[in-house]
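Engineer: Take this structure first; my questions come after.
The values are calculated or read from the model by the stated rules, or taken from the named source; none is laboratory data. Computed from a predicted model, the values in this text were never measured in an experiment. Every residue, glycine among them, receives a Cβ derived from its backbone with ideal geometry; neighbour counts consider all protein chains shown.
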Amino acid sequence: MDKRPAEGSVHQLLVSGYASDGSGVARLEGMVVFVQGALRGELCSVRLVKVGRSAIWGCVEKVVTPSPARVVSDCPYSGACGGCQLRHMSYQEELEFKRTRVEDALRRIGGADIEVEEILGAPQQDRYRNKVQFPVSQGPRIGFYRPRSHNVTDVESCLLQPDAAARLRRAVKDWMDRWQVPAYDERRRKGLIRHVYVRVNRAGESLLCLLVNGKSVPQERELVRLLRQAEPRLAGVVLGSNETHSNVILGDCYRTLWGADCLFDTLCGYRFRLSVPSFYQVNSDQAEVLYGKVLELAALTGTETVLDLYCGIGTISLVLAGRAGQVWGAEVVPQAVADAQENARRNGVGNARFLCADAGEASRRFRADGIRPQVVCVDPPRKGLSEDVVDTIARMEPRRVVYVSCDPGTLGRDIARFRRLGYSPGRALAVDLFPRTQHVETIVLLQREDP
């Protein structure tokens, strides 16, 4: 006989902590209950939404005893949109949740007895993103996916995005309505408009890219006219073709409809060229804090050879080059490598060179060519490093590895791999590049142990 609690039943539960996505954690009849929207220390009436074999998922029906850290969300889309997970908690509570989340991953997954010495919070918690990618669905609805689904919530204005993004989004929607331009249907694999992509620099200029299931769109001149009318600081309009039947957002072919095909932005005193596919941290102010800490942990003296894997358009590479003897950057996206080379030339940086290759291939080529870096910096995507990349880095025997991570779980896994190969974590700290969301950026310094 199944003695598990019934789905739909309501129970009073005491929330003791947080899961990695920011939901509250409680216990019921020996099972873990993940409670979306609950804060630690709260007594809540919780409705059970899903009862699994070893865990339960629930939602808050009523907060019986609220936490002092609870705040009223100022976003009208909270709950319907999957963008902000933490608007119900104070920012101080959010920072502590993120710090302990990273520390727990390093200890529990990475097996490292290390404290996250600090988390550097963002002075600006709203309107900080310099890039937005709005999915588009039939309606048309242009906004963000609901949690754990591909159903789009129509969002007029997101508090995390710059105002220019809202104005350009509205112009695209008006154009689609006026000319009956169909949105892409994932299930039927038909339709045209897939995503609206907006990038904004610190000078307030913006670049729009429309990602479509095709090579052209109707009424291109009218689209450009409406966009320019909506946003006076618009620098360019680009059409990106993505005809794959996948969740990939960006395409592999771009055509400029009007103006420029890129933006320029200044970061850490360097001027960077940003094309549509180029990776660039979405929070420019906090990125400067992050890169400053990378430079601090790298502890360069001016003579070192540095390897920067996943270098993107060369942001970290150029920052490191100011204090290194030689920097080698590696990136798999050809356009990003071209941007990195141009960024080095434009900024007069002569000791940074760039290679188009994935991290594993680049590491092997550097080792085969006898390049022995004293410092390696890695800033991988959420999936972290593959095991062969960790092995190849360790075989190059750098004195220090500076690991920048956007996912504490894969960071912990990779720290465990490095530890087995003779690299011990020396320092760890976090930087909040993504206020009001569950995401957090972490930097860990790994030092080679004496043989």
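Engineer: With region 282-376 as the region, which strands (runs of 3 or more DSSP E) entirely inside it contain at least 1 residues that are crowded, with 23+ Cβ neighbours inside 10 Å, among the acidic types (D, E) and within 26 Å of the chain's Cα centre (by Cα)?
Structural biologist: 305-309, 326-331
Engineer: Here's something else I'd like to know. Please determine, by comparing only the residues of region 377-387 that are touching a residue at least 60 places away in the same chain (Cβ under 8 Å) and part of a loop (DSSP other than H, G, I, E, B), which one is surrounded by the most Cβ atoms within 10 Å (Cβ to Cβ).
Structural biologist: That would be D379.
Engineer: Taking region 429-442 on its own, how many of its residues are assigned to a strand (DSSP E or B) and surrounded by fewer than 24 Cβ atoms within 10 Å (Cβ to Cβ)?
Structural biologist: Residues flagged as assigned to a strand (DSSP E or B) and surrounded by fewer than 24 Cβ atoms within 10 Å (Cβ to Cβ) within region 429-442 amount to 1.
Engineer: Go through region 420-451 and give me each residue that's free of Cβ contacts under 8 Å to residues at least 60 places away in the same chain and under 25 Å from P147 (Cα atoms).
Structural biologist: H439
Engineer: Something else about it: Run T100 past the list (1) more than 18 Å from the chain's Cα centre (by Cα); (2) hydroxyl-bearing (S, T, Y); (3) farther than 18 Å from G409 by Cα and report the number of the one that doesn't hold.
Structural biologist: (3)
Engineer: If you take the residues in region 228-272 that are in contact with a strand residue (DSSP E or B) (Cβ under 9 Å, 6 or more places away or on another chain) and of a type in the set (V, I, T), which one is farthest from R169 (Cα to Cα)?
Structural biologist: T266
Engineer: Hey, can you tell me all the residues within region 2-32 that are among the β-branched types (V, I, T) and touching a Leu at 6+ places or on another chain (Cβ under 6 Å)?
Structural biologist: none
Engineer: Still on this structure, I have one more. Scan region 9-37 residue by residue and report those that are outside any strand (DSSP E or B), of a type outside the set (S, T, N, Q) and over 32 Å from the mean Cα position of the chain (by Cα).
Structural biologist: E29, G30
Engineer: For a quick check of your reading of the model, give me the residue pairs whose first member lies in region 189-205 and is within 22 Å of A235 (Cβ to Cβ), whose second is basic (K, R), with beta-carbon atoms closer than 6 Å and at least 6 apart or on different chains.
Structural biologist: Here the result reads V196/R169; R199/K131; G204/R233; E205/R233, each pair linking region 189-205 to a residue that is basic (K, R).
Engineer: G79: touching a Leu at 6+ places or on another chain (Cβ under 7 Å) and on the phi > 0 side of the Ramachandran plot, yes or no?
Structural biologist: No: the conditions fail for G79.
Engineer: Residues to consider are R129, R141, R107, R99; find the one that is surrounded by fewer than 18 Cβ atoms within 10 Å (Cβ to Cβ), charged (D, E, K, R) and within 20 Å of V404 (Cα to Cα).
Structural biologist: R107
Engineer: Tell me the residue from S424, S363 that is in contact with an Asp or Glu (Cβ under 6 Å, 6 or more places away or on another chain), hydroxyl-bearing (S, T, Y) and more than 30 Å from Q124 (Cα to Cα), please.
Structural biologist: Of the residues listed, the single one that is in contact with an Asp or Glu (Cβ under 6 Å, 6 or more places away or on another chain), hydroxyl-bearing (S, T, Y) and more than 30 Å from Q124 (Cα to Cα) is S424.
Engineer: For residues that are more than 30 Å from E96 (Cβ to Cβ) and surrounded by fewer than 22 Cβ atoms within 10 Å (Cβ to Cβ), tally how many sit in region 393-428.
Structural biologist: The total comes to 8.
Engineer: Right, another one. Can you pull out the strands (runs of 3 or more DSSP E) entirely within region 58-165 that have at least 2 residues that are in contact with a Gly (Cβ under 7 Å, 6 or more places away or on another chain)?
Structural biologist: Where strands (runs of 3 or more DSSP E) fall fully within region 58-165 and carry at least 2 residues being in contact with a Gly (Cβ under 7 Å, 6 or more places away or on another chain), they are 141-145, 152-154.
Engineer: For region 177-189, which residues satisfy the criterion of being aliphatic (A, V, I, L, M) and either assigned to a strand (DSSP E or B) or under 29 Å from the mean Cα position of the chain (by Cα) (or both)?
Structural biologist: Result: A183, single match.
Engineer: Still on this model: State whether the residues of region 273-288 include one that is at pLDDT 95 or above, under 16 Å from R353 (Cβ atoms), out of contact with any Phe, Trp or Tyr (no Cβ under 9 Å at 6 or more places or on another chain) and charged (D, E, K, R).
Structural biologist: No, every residue in region 273-288 fails to be at pLDDT 95 or above, under 16 Å from R353 (Cβ atoms), out of contact with any Phe, Trp or Tyr (no Cβ under 9 Å at 6 or more places or on another chain) and charged (D, E, K, R).
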